[in-house]
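Input: a single structure, listed below in structure tokens.
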Ligand code: CAA
């Protein structure tokens with residue numbers, strides 16, 4: 001029996017910032033952002049879209065009544081948790097109106113959280129093959145106005161249904177992973193913005209990739225001649241490109257060419273959504289599946305997950321016979337095409353808006369009447385959702 005991703009969907013807010021406008025405002029050559037960083041636009045979350053509402057919006061279209069009945073586990077992976085104690089997954093459980101007899105929890109390890117959730121979910125369905133698990137990655141990447149990381153912000157969520165005999169990607173049990181404590185990116189409890197040692201974070205990412213690639217090769221997991229694509233955690237597309245380039249001298253030219261071509265398809269969505277932290281790797285997966293028309297069932301894909309702090313994992317899966325029928329390309333392309341492009345002043349004004357932290361009551365304006373789930377405000381120290 002095989003286990004893996006049965007269905008996948010994503011949500012990103014309905015507004016974005018053009019990075020050429022950001023470059024002009026910050027008096028930077030636009031090519032630094034477009035080529036040097038490799039990003040074109042970034043999603044900007046309005047105040048009524050937090051990680052809970054985005055997670056619920058990503059999962060809203062995913063589950064049939066039969067899927068819902070089979071759910072035994074719900075995990076939300078996030079760096080941007082909304083409560084020190086209560087799991088965001090419980091808020092999502094309520095918004096999706098799920099049945100009570102399941103385990104519901106949140107996992108945090110920077111951008112690795114959803115991969116931890118996915119691996120836990122795989123173990124769960126291997127033990128309980130008649131049940132299913134819902135894993136959602138949801139994050140808002142915030143570095144601050146005028147910060148070096150500003151151009152690598154973004155917002156969005158990816159929802160994945162994990163089951164036996166999956167329709168999209170069967171995942172292999174064997175993978176390679178590593179942990180080490182680093183201060184490359186972190187966010188203390190008192191801060192709404194992340195701290196990053198940008199160059200150091202790139203070094204750690206690349207060295208963990210090199211280490212895991214070497215381990216996987218030693219265990220004959222990479223088999224590059226057979227690998228149809230290699231997906232990366234994409235905080236910005238240049239980061240994944242740098243990791244891929246390290247393979248140029250290690251693998252056959254034909255294999256490198258194939259991986260490079262597929263890499264281009266995998267970054268198309270991320271380049272206009274921005275960094276969504278723990279969902280970024282899985283947005284790359286959706287982007288590859290929906291933008292490379294030559295992918296075939298039976299092809300094998302590698303996935304490199306990286307979470308600052310730091311944790312990394314390289315794992316593998318095989319595309320399933322019906323994977324194309326499960327894609328929602330038209331809906332995703334419409335979601336991305338219909339976003340409002342913010343002016344710099346609108347972006348900066350929204351960036352400065354925040355939720356109350358003193359226990360007073362707050363009503364949050366509606367940013368998009370068409371969206372299913374949103375934060376409506378705060379009352380009695382409790383977030384209110386619709
Ligand atoms: N035309 C073309 N390219 C240009 C250019 C121009 N006019 N001007 C500069 N560039 C190039 C530079 O040569 C450089 O390229 P290389 O990286 O290939 O050398 C690139 O643009 C970036 O320029 P800088 O080195 O000057 O960049 P910076 O100091 O402004 O910072 C950054 C870039 C470190 C990525 C910063 O945006 C940052 O700190 N981001 C947040 C941290 C991050 O995302 N780290 C990634 C790994 S950690 C992770 O993955 C977890 C996570 O999600 C956070």
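Annotations for the structure displayed:
- Checked against the criterion of being over 25 Å from residue 251 (Cβ atoms) and more than 15 Å from the ligand (Cβ to nearest atom), the candidates 159, 196 yield just one match: 159.
- Across region 239-262, the number of residues qualifying as within 11 Å of the ligand (Cβ to nearest atom) and buried (at least 18 other Cβ atoms within 10 Å of the Cβ) comes to 3.
- Sole exception among (1) within 16 Å of the ligand (Cβ to nearest atom); (2) under 30 Å from residue 219 (Cβ atoms) for residue 273, by number: (2)
- Qualifying positions in region 340-369 - in contact (Cβ under 8 Å) with a residue 40 or more places away in the chain and outside any helix (DSSP H, G or I): 340, 341, 342, 343, 353, 354, 355, 364, 365, 366, 367, 368
- Check on residue 40, in contact with a strand residue (DSSP E or B) (Cβ under 8 Å, 6 or more places away or on another chain), farther than 27 Å from residue 130 by Cβ and modelled with pLDDT of 95 or more: yes
- Every condition in (1) more than 28 Å from residue 30 (Cα to Cα); (2) at pLDDT 95 or above; (3) within 14 Å of the ligand (Cβ to nearest atom) is met by residue 187 except one, and the failing one is (2).
Rundown of residues vs (1) touching a residue at least 12 places away in the same chain (Cβ under 8 Å); (2) outside the structural domain of residue 189 (by TED's automatic domain parsing); (3) closer than 20 Å to residue 193 by Cα; (4) in a loop (DSSP other than H, G, I, E, B), yes/no style:
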site: 16; (1), (2), (3), (4): yes, yes, yes, no
site: 22; (1), (2), (3), (4): yes, yes, yes, no
site: 31; (1), (2), (3), (4): no, yes, no, no
site: 42; (1), (2), (3), (4): yes, yes, yes, no
site: 49; (1), (2), (3), (4): yes, yes, yes, yes
site: 62; (1), (2), (3), (4): yes, yes, no, yes
site: 76; (1), (2), (3), (4): yes, yes, no, no
site: 82; (1), (2), (3), (4): yes, yes, yes, yes
site: 91; (1), (2), (3), (4): yes, yes, no, no
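- Within region 139-149, the set of residues being near the ligand (Cβ under 8 Å from one of its atoms) and touching a helix residue (DSSP H, G or I) at 6+ places or on another chain (Cβ under 7 Å) comprises 141, 143, 148, 149.
- Residue among 265, 297, 334 that is free of Cβ contacts under 8 Å to residues at least 40 places away in the same chain, within 21 Å of the chain's Cα centre (by Cα) and surrounded by fewer than 17 Cβ atoms within 10 Å (Cβ to Cβ): 334
- Complete set of residues in region 206-231 that are touching a helix residue (DSSP H, G or I) at 6+ places or on another chain (Cβ under 6 Å) and part of a loop (DSSP other than H, G, I, E, B): 222, 224, 225
- Scanning region 26-49 for residues that are surrounded by fewer than 24 Cβ atoms within 10 Å (Cβ to Cβ), touching a helix residue (DSSP H, G or I) at 6+ places or on another chain (Cβ under 9 Å) and under 15 Å from residue 375 (Cβ atoms) gives 46, 47.
- Condition check for residue 278: outside the structural domain of residue 137 (by TED's automatic domain parsing) and either within 16 Å of the ligand (Cβ to nearest atom) or not in a loop (DSSP other than H, G, I, E, B) (or both): yes
- Residue in region 105-115 that is crowded, with 20+ Cβ neighbours inside 10 Å, part of a strand (DSSP E or B) and free of Cβ contacts under 8 Å to residues at least 40 places away in the same chain present: yes
- Summed over region 116-137, the residues that are within 16 Å of the ligand (Cβ to nearest atom) and buried (at least 23 other Cβ atoms within 10 Å of the Cβ) give a count of 1.
- Answer from 152, 182 - the residue that is at pLDDT 95 or above, outside the structural domain of residue 278 (by TED's automatic domain parsing) and in contact with a helix residue (DSSP H, G or I) (Cβ under 8 Å, 6 or more places away or on another chain): 152
- Selection from region 162-184 of residues that are within 15 Å of the ligand (Cβ to nearest atom) and not in a strand (DSSP E or B): 180, 181, 182, 183, 184
The values are calculated or read from the model by the stated rules, or taken from the named source; none is laboratory data. As the structure is a prediction and not an experimental result, all values here were calculated from the model. Reconstructed Cβ throughout: ideal geometry from the backbone, glycine too, with neighbour counts over all protein chains shown.
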